Amino acid sequence: MIAAFVSAQLLLSGAAFAQAAPPLTRDNGAVVGDNQNSQTAGADGPVLLQDVHLIQKLQRFDRERIPERVVHARGTGAHGSFTVTGDISQYTRAKVFQPGATTPVFVRFSTVIHGNHSPETLRDPRGFATKFYTSEGNWDLVGNNLPVFFIRDAIKFPDMVHSLKPSPDTNVQDPARVFDFFSHVPEATQMLTRVYSDYGTPRSYREMDGNGVHAYKLVDDKGGYVYVKFHWDSRQGEHNLSGAQIASVQGRDFNHLSNDLMKAIERGDYPKWDLYVQILKPDQLDQFAFNPLDATKVWTGVPEVKVGTMTLDRNPANIFQETEQAAFAPANLVPGIEPSEDRLLQGRMFSYADTQLYRVGTNVNQLPINAPKVAVNSNNQDGEHNSGARSGKVNYEPSRIQPKPQSDAGRYSALPLSGATQQARIAKTLNFRQAGEFYRSLSADERKSLIANLAGDLGQVRDETTMYTMLSYFHKADADYGTRLAQALKRDAAKVKTLSDALSD
């Protein structure tokens, strides 16, 4: 009775506090109606540019650091080439995928959260960004070593990164802040499980896979399209560091990822990756228990088709001019490759390009590392660090004096739409099932390592509501997973099960 009374009082006081708290606003003081979901064109349509709150959050977030990258600050890169060995030309008019085509590339590997000079042994997703210098312009495939992400909507990206970055009052990363945020984000369960496994600490950049994470579209010469996911499969195999190995490696070389890649290329041991795609037709999207355009999901059961092989064979001559000034953005697309309606990708299309304009400068794409191998013929002009060679009196379009005709090859495919604009989460969330499938795919030793890694950080959380909420998520993914984690943290496994049973996937 006493416990029930105390709980009721806490709920009442919490409600009173919530009522008294000032509402969230934009920078102009206007209140925010929904800070969880971007505005979309119907339930399955793309994100709308009129979502000023989303745009402002991303713009402000992109400008938080000068001049270091806000995310992916710590990285290394290499040059190479990609050669097509398969044939998916029936699906796309993109010349980069025509049989036999060879395209020069630059790849930047990175850690995501930690700063420019942080140890490369730290637990973190690893960036895997590839710039293809195609005959139709540059295409950037910007992904990670893990196949999913923490969130499904770009409106939460600044919040997520803020929680993972050092605390503003101590400048130290704080698990209490991390799990306080993720206790409200059940869709992150799979990504957290993968990051806290040994896949969160790769042994080398050469020995990790890469993933585009998002669904994209391949478009044929008639405007027909299919949805695809991209996967780089390391020919060196995937190898990771255990907790004990991390301490040993960091004590010897906290630049182990960069050193390993550069030294391998120097000695002629050129790393290779095979590129695979998974393909879905538009009418197949509704055949899954989850939304295939949700970046927190993998496409279970969809076969992979091999496209070609990438080889990295040349180190940068100058790290700043090449690796650090390299500017990747999902918005850098070529005819035959388009974004899907993935809500996280839709926000990244704006945010990444915008942050590069801020970080490197207005004319970032004139720098040699970013410049396409084909001629640029635009009306963009002036701005800081402009080294271009545009001339003449016509800087507008249309014009008879100096025409710049448009090409039908550059037209986007047509997406059928219905319904009203909205701000609501996707219908098929399936927040936990795939996390359980990944857990069960691990070996006994890998599961033991995951439990130890996760308990180490989760054990620093002092808020019991956050603690039990997170435990219930992991238990919902897999009962053995949640139970072992609860036991490791000396928490009530029966209570965790009760909370888990109340959750819906």
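Here are the numbers for the structure shown:
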{"item": "Computed [θ] at 222 nm, helices only, for the chain once each DSSP H run of length n ≥ 4 contributes -39500 (n - 2.57)", "result": "-9000 deg cm²/dmol"}
{"item": "Solvent-accessible area, 1.4 Å probe, carbon plus sulfur percent, for segment 316-456", "result": "51 percent"}
{"item": "Relative packing of peptides 401-407, 233-239 - highest average C-beta neighbours within 10 Å first", "result": "233-239, 401-407"}
{"item": "Rounded, prolate or oblate (a/c below 1.5 giving rounded, otherwise prolate when a/b exceeds b/c) for segment 369-410 by Cα gyration tensor", "result": "oblate"}
{"item": "Å² of accessible area per residue within the chain, as computed with a 1.4 Å probe and no ligands counted", "result": "46 Å²"}
{"item": "Surface share of carbon and sulfur [accessible, 1.4 angstrom probe, percent] for segment 462-505", "result": "50 percent"}
{"item": "Within segment 314-348, backbone nitrogen closer than 20 Å to the virtual label 7 Å beyond the Cα of Leu122 toward Cβ", "result": "324-325"}
{"item": "Within straight-line cross-link reach of Lys497, aspartates and glutamates at Cα separation under 13 Å, skipping those fewer than 8 residues along the same chain", "result": "Asp478, Asp480"}
{"item": "Mean separation of Cα contacts under 8 Å, 6 or more apart, over the residue count of the chain: relative contact order %", "result": "20 percent"}
{"item": "Rounded Å value of the spacing that divides the Cα centres of segment 332-402 and segment 144-191", "result": "31 Å"}
{"item": "Charge dipole (debye, nearest 20) of the chain; +1 at Cβ of Lys and Arg, -1 at Cβ of Asp and Glu", "result": "340 debye"}
{"item": "Prolate/oblate/rounded call for segment 168-300, Cα gyration tensor, a/c under 1.5 rounded", "result": "oblate"}
{"item": "Segment 235-298 and segment 27-54: distance between their alpha carbon centers, rounded to Å", "result": "33 Å"}
{"item": "Difference of contour (0.36 nm per residue) and Cα-Cα distance, Ile319 to Thr170", "result": "50.5 nm"}
{"item": "Whole-percent carbon and sulfur share, accessible surface of segment 221-293, 1.4 Å", "result": "45 percent"}
{"item": "Distant-in-sequence amide H partners of Arg314 (H built 1.01 Å from N, under 5 Å)", "result": "His79"}
{"item": "Prolate/oblate/rounded call for segment 33-151, Cα gyration tensor, a/c under 1.5 rounded", "result": "oblate"}
{"item": "Phi-based couplings in Hz for segment 448-459 (Karplus 6.51, -1.76, 1.60; Gly and Pro marked x)", "result": "4, 5, 4, 4, 5, 4, 5, 5, x, 8, 5, x"}
{"item": "Alpha-carbon radius of gyration plus Dmax, which is the widest Cα pair, for the chain in Å", "result": "23.7, 86"}
{"item": "Relative contact order [Cα under 8 Å, 6+ residues apart], segment 107-173, whole percent", "result": "24 percent"}
{"item": "Average Cα contact separation per residue, segment 449-505, under 8 Å, 6 or more apart, as relative contact order %", "result": "35 percent"}
{"item": "Among the listed pairs Lys272/Lys297; Lys131/Lys281; Lys222/Lys404; Lys281/Lys306; Lys95/Lys156, those beyond 28 Å (Cα-Cα)", "result": "Lys95/Lys156"}
{"item": "Length released on extending from Thr83 to His184, taking residue separation times 0.36 nm less the Cα-Cα span", "result": "32.0 nm"}
{"item": "Proximal lysines relative to Lys490, as straight alpha-carbon distance under 20 Å, when same-chain residues fewer than 8 apart are discounted", "result": "Lys448, Lys476"}
{"item": "Residue-wise HN-Hα coupling along segment 286-299, computed from phi with Karplus coefficients 6.51, -1.76, 1.60 (Hz; x: Gly, Pro)", "result": "7, 8, 10, 6, 10, 8, x, 8, 8, 5, 8, 10, 9, 8"}
{"item": "Theoretical gain in end-to-end length, Thr25 to Ala371 [0.36 nm per residue, Cα-Cα removed]", "result": "120.6 nm"}
{"item": "Integer Hz, Karplus 6.51/-1.76/1.60 couplings in order for segment 325-332, x for Gly and Pro", "result": "8, 4, 10, 9, 7, x, 6, 7"}
{"item": "For Thr296, distant residues with modelled amide H under 5 Å away", "result": "Phe149"}
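The values are calculated or read from the model by the stated rules, or taken from the named source; none is laboratory data. Just so it is clear, the structure is predicted and the values come from calculations on it, not from any experiment. When we count neighbours, we look across all protein chains shown, and the Cβ atoms used for this are built from the backbone with ideal geometry, even at glycine. The area values use the complete protein model at the heavy-atom level, side chains included, leaving out ligands, DNA and RNA. Shrake-Rupley method; radii C 1.70, N 1.55, O 1.52, S 1.80 Å.
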